[in-house]
1. Do we find that Ala94 is surrounded by fewer than 17 Cβ atoms within 10 Å (Cβ to Cβ) and either in a loop (DSSP other than H, G, I, E, B) or in contact with a Lys or Arg (Cβ under 7 Å, 6 or more places away or on another chain) (or both) in this structure?
2. For segment 42-63, which positions are outside any strand (DSSP E or B), among the aliphatic types (A, V, I, L, M) and buried (at least 17 other Cβ atoms within 10 Å of the Cβ)?
3. Given the structure, is Asn17 farther than 25 Å from Ala136 by Cα, among the polar types (S, T, N, Q) and surrounded by 15 or more Cβ atoms within 10 Å (Cβ to Cβ)?
4. If you go through segment 30-41, how many residues are surrounded by 19 or more Cβ atoms within 10 Å (Cβ to Cβ) and within 15 Å of the chain's Cα centre (by Cα)?
5. When the residues of segment 45-86 are filtered to those that are over 28 Å from Ile103 (Cα atoms) and among the small types (Gly, Ala, Ser), which remaining residue is farthest from the chain's Cα centre (by Cα)?
6. List, please: which pairs have Cβ atoms under 9 Å, are six or more places apart or on different chains, and start with a residue in segment 167-192 that is closer than 19 Å to His135 by Cα and end with one that is basic (Lys, Arg) and surrounded by fewer than 19 Cβ atoms within 10 Å (Cβ to Cβ)?
7. Looking at segment 12-25 only, could you name the residues that are in contact with a strand residue (DSSP E or B) (Cβ under 7 Å, 6 or more places away or on another chain) and not in a strand (DSSP E or B)?
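Derivation of every value follows stated rules applied to the coordinates shown; laboratory data play no part. Only a predicted model underlies this, so the values are computations on that prediction, with no experimental measurement involved. Cβ atoms come from the backbone with ideal geometry, glycine included; neighbour counts cover every protein chain shown.
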Amino acid sequence: MIVEGLVTTLSPEGALNVAPMGPKIPADLGMGTFVLRPYRTSTTYRNLKAGGAGVFHVTDEVGLLARTAIGATVDPPPDTLPAKAVAGRILADACRYYEFRPIVIDDADERTTILVETVAEGRLRDFLGFNRARHAVVEAAILATRTAFLPVAEILDEFRKLSIIVDKTGGVAEREAFDLLLAHVREAAGREASGS
């Protein structure tokens, strides 16, 4: 099973990186170990490869997920707390978190496979759950990261379907996150149409 969330890592110099990621978790839903699949070009991969650690967050904050998915500026940066067992940062608005260390890094392919071990975990607040609009924003964020290798026209078709759900069931935060992602996809469509 894949669970969507956010991963924080620190560079060797201490710079915070926040990235959306869907780790593969075991069938028993335990988080003692899980698998991350970042690309070798990603900051998350570089930070973990440099001997770092990280924190995986279960969150219902779709605005941050949307912004980080497309590399948009996160200003102001999210509030964080120091991790307890690793050199890392915990997103203060997360529901649950899992501090981890990599135990196996297989980077033979462009998309790496990193087996990590949870060394500490915690709960900051209850997870109310996603309404349909939040689910739609998560799907839109995933689609928005695929503009380089999926036909943008197909992505825009999916966005039209998802926009109905966001309009019917979302609030201001969900609409803003969806609009940000839609603008990103429309920019990609414009680049594709102009051949650049």
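1. No; evaluated as a whole, the condition is false for this residue.
2. Passing the criteria: Leu48, Ala53, Val62.
3. no
4. The qualifying residues number 2.
5. Only one residue tops the list, namely Ala72.
6. If the second residue must be basic (Lys, Arg) and surrounded by fewer than 19 Cβ atoms within 10 Å (Cβ to Cβ), the pairs left are Asp167/Arg175; Lys168/Arg132; Thr169/Arg132; Gly170/Arg132.
7. Residues satisfying the conditions are Gly22, Pro23, Ile25.
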